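The values are calculated or read from the model by the stated rules, or taken from the named source; none is laboratory data. The structure displayed is predicted, hence computed values, not measured ones. Here Cβ is always computed from backbone atoms with ideal geometry, including for glycine, and neighbour counts include all displayed protein chains. Areas reflect the complete protein model, heavy atoms only, side chains present, ligands, DNA and RNA absent. Shrake-Rupley method; radii C 1.70, N 1.55, O 1.52, S 1.80 Å.
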Amino acid sequence: MPVLWQPRPLWELPPCPYVNHTPPVTPLQKLRMILVGVTLFLPRLIVLLVTLFSTYGLAKLSVVGWQTQPRPTRSLPTWRRIIQKVLVPPLTRMNMFSLGFHYIKVNGRPAPRTEAPILVSNHQGFLDIWIWLWQLLPVGVSAAENKRFPIMGEIMLAFQTIFVDREDGSSGKTATEQIKATVEDARYPQVVIYPEGNTCNGRALCGFKMGAFLPGKPVQPVVIQYKNPSLDASWCEPLGIPVHILALRMLLELNNTVEITYLDPVVPTKAMQESPELFARAVQSAMAEAMAVPVTQYSFGDTALMFRARKYGLPPEAALMEMDRATQVFGAGTTDCKECLEHFANGIKAEHGGSVPKGCGAASSVGLATALGLEGADVSTSDSLMETFDQDKSGTVSFREFVAGLAPLAAKRKAEEGSFYARAIMELKENVLK
């Protein structure tokens, strides 16, 4: 059958950075975990809970009578900072000790605020926050949904964390303004930012957001690497280990290891100040080299799509796009891809009698036609559409192939005519299949 139009080309996806790589438990490891459970688990758990609630209590004490929501536009007074600086770091270090982190290797040194008001770090999980409370007590930047976590949300509020709603574009603009204001005000401590905007497994760096680089100030890259071969400490959703299981595994490990490396500050050139993307790439390259890992263009958009895919009954990994690159190649943002995913899932459900078979993440010709709003299309049309969308000639269409096929159609219509999906279907029905 003839190809009706030329889809946008696909590329080989890098390995997924949202998979926890903890190996299966061996009999020897199981025996060791039993011994740790019998001898050390209860004392460790007691220390963990005591230090956690003590940190929470001191954080609350340090802001008694101080407004924490909405975030104030001025720094905490010095006496409140002193309460935090004197008592919180040893408590968080004891907390990490109870989780098996008996020795933490630190390479290099943190630059003073005058040399680097912003630090950027890779992000693998909840322990990264404890590391920063132990090391520097900086102002953090975090996802808005983390405010809802009991205890941890209150602790972050006490340390004047800047929160970002990752689903709201205007929230990102507000957060950028708060970052700039905090950096310019010397009364604040340094600001630490996770430019990946998400947690991943540390085997690659994901795409960087621009918030850390828009102020045009020197940035110190910091690399955090967890190195226990029997336990991957990364908290990746939705493909990873649930956080409570991860914490339990840490308590049952005899020893956990983490290494912190402070790299030399990157002072932006004039070109970098004019182009935050250039600045971000320089910092990202330095971090990737120090970690000995590749750079990818995965982003929080991929995580959002995986959660949406699971909601529809699809395998989460079926929705992976390498979203930053997909936006450039296909002209479709995360919101566009979410809409496409809904229609794609509906197509698969229609071809299987209303539900998605377990593990099914691709559509046949019937599902493809339904996803395109062409239910009941004749065999010739369905075969031509399959020939057009099925780039790898597997006999089915993946979600990436679906979006790649829609992209040239959507590009032919004006943006004001509707969403990415709506424009593509309009073009398909009015000009391709007329």
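Would you say residue 48 is part of a helix (DSSP H, G or I), exposed (fewer than 12 other Cβ atoms within 10 Å of the Cβ) and either small (Gly, Ala, Ser) or more than 26 Å from the chain's Cα centre (by Cα) (or both)? Considered against the rule, which asks whether it is part of a helix (DSSP H, G or I), exposed (fewer than 12 other Cβ atoms within 10 Å of the Cβ) and either small (Gly, Ala, Ser) or more than 26 Å from the chain's Cα centre (by Cα) (or both), residue 48 comes out as no. Taking region 242-258 as the range and being out of contact with any strand residue (DSSP E or B) (no Cβ under 6 Å at 6 or more places or on another chain), surrounded by 14 or more Cβ atoms within 10 Å (Cβ to Cβ) and touching a residue at least 40 places away in the same chain (Cβ under 8 Å) as the test, the residues that pass are 246, 247, 249, 250, 251, 252, 253, 254, 256, 257. Only one entry of 73, 92 meets the criterion of being open to solvent by less than 90 Å² (accessible area, probe 1.4 Å), touching a residue at least 12 places away in the same chain (Cβ under 8 Å), within 30 Å of residue 159 (Cβ to Cβ) and not hydrophobic (A, V, I, L, M, F, W, C), and that entry is 92. Once region 108-129 is narrowed to residues that are touching a Leu at 6+ places or on another chain (Cβ under 9 Å) and surrounded by fewer than 21 Cβ atoms within 10 Å (Cβ to Cβ), the residue that is modelled with the lowest pLDDT is 126. Among the residues of region 389-427, those that are hydroxyl-bearing (Ser, Thr, Tyr) and either surrounded by 22 or more Cβ atoms within 10 Å (Cβ to Cβ) or within 18 Å of residue 343 (Cα to Cα) (or both) comprise 396, 398, 419, 421.
Residues checked against (1) of a type in the set (Phe, Trp, Tyr); (2) open to solvent by 40 Å² or more (accessible area, probe 1.4 Å); (3) modelled with pLDDT under 95; (4) assigned to a helix (DSSP H, G or I):
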residue	(1), (2), (3), (4)
229	no, yes, yes, no
237	no, yes, yes, no
260	no, no, no, no
281	no, yes, no, yes
284	no, no, no, yes
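Residue-wise test of (1) under 18 Å from residue 6 (Cβ atoms); (2) outside any helix (DSSP H, G or I).
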residue	(1), (2)
346	no, no
373	no, yes
377	no, yes
384	yes, no
392	yes, yes
424	yes, no
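Screening residue 254 against (1) in a loop (DSSP other than H, G, I, E, B); (2) under 20 Å from the mean Cα position of the chain (by Cα) leaves a single unmet condition, (2). Looking at region 172-196 only, could you name the residues that are farther than 19 Å from residue 159 by Cβ and either in contact with a strand residue (DSSP E or B) (Cβ under 8 Å, 6 or more places away or on another chain) or modelled with pLDDT of 95 or more (or both)? Answer for region 172-196, where residues must be farther than 19 Å from residue 159 by Cβ and either in contact with a strand residue (DSSP E or B) (Cβ under 8 Å, 6 or more places away or on another chain) or modelled with pLDDT of 95 or more (or both): 172, 195, 196.
Tell me, yes or no, whether region 61-82 has at least one residue that is in a helix (DSSP H, G or I) and within 26 Å of residue 233 (Cβ to Cβ). Please lay out each step first, then the result.
Taking region 61-82 first, the residues in a helix (DSSP H, G or I) are 61-62, 78-82.
Now narrow it down to the ones that are within 26 Å of residue 233 (Cβ to Cβ): none.
Looking for residues that are in a helix (DSSP H, G or I) and within 26 Å of residue 233 (Cβ to Cβ), one finds none in region 61-82, hence no.
The residue of region 83-111 that is farthest from residue 222 (Cα to Cα), among those that are part of a strand (DSSP E or B) and not hydrophobic (A, V, I, L, M, F, W, C), is 105. Among the residues of region 365-388, the one identified as surrounded by fewer than 18 Cβ atoms within 10 Å (Cβ to Cβ), of a type outside the set (D, E, K, R), touching a residue at least 12 places away in the same chain (Cβ under 8 Å) and farther than 19 Å from residue 424 by Cβ is 380.
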